[in-house]
């Protein structure tokens, strides 16, 4: 009996407690990281870049020379296209802002030789 009292090592209870603590850390980390990727501002930034890119593509394909603005399908982003002709170059700039404010979300600009 005297030998068992002097044994040193990790007991089952200590192991279980450490596994539970590690599990809590992992679960909370996953919850925080998933919240970062589904944050509304991050999603709007991606949608704004996609809207600006598709507007530039449309303008280049259809050789449109008219400025335009519209909102996205949910109505929270405002897309503004501005076209300026400089000699034989056409500058197409698309700005996407939050509808309620003038805070810019994304801006794309290209030059096209026509």
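Bear in mind these aren't lab numbers, they're just calculated from the coordinates by the rules spelled out. A quick note: this is a predicted structure, and the numbers were derived from the prediction, not measured. Ideal geometry is used to build each Cβ from the backbone, glycine not excepted, and the neighbour counts take in all protein chains shown.
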Between residue 84 and residue 21, what length comes free when the chain is fully extended (0.36 nm per residue of separation minus the Cα-Cα distance, one decimal in nm)?
16.6 nm
For Cα Rg over 2.2 N^0.38 Å, one of (1) 1.54; (2) 1.15; (3) 2.11 was computed from the structure I shared and the rest are decoys. Which label?
(3)
Comparing 61, 80, 95, which has the greatest mean-square fluctuation in the GNM of the chain with Cα pairs linked when under 10 Å apart?
61
For the chain, what is the mean residue ellipticity at 222 nm derived from helices alone (per DSSP H run of n ≥ 4: -39500 (n - 2.57); sum divided by total residues; nearest 500 deg cm²/dmol)?
-15500 deg cm²/dmol
Full-extension gain in nm, residue 69 to residue 101, via 0.36 nm per residue minus C-alpha separation:
10.0 nm
Distance in nm between residue 49 and residue 109 label points, each 7 Å along Cα→Cβ, equals 2.0
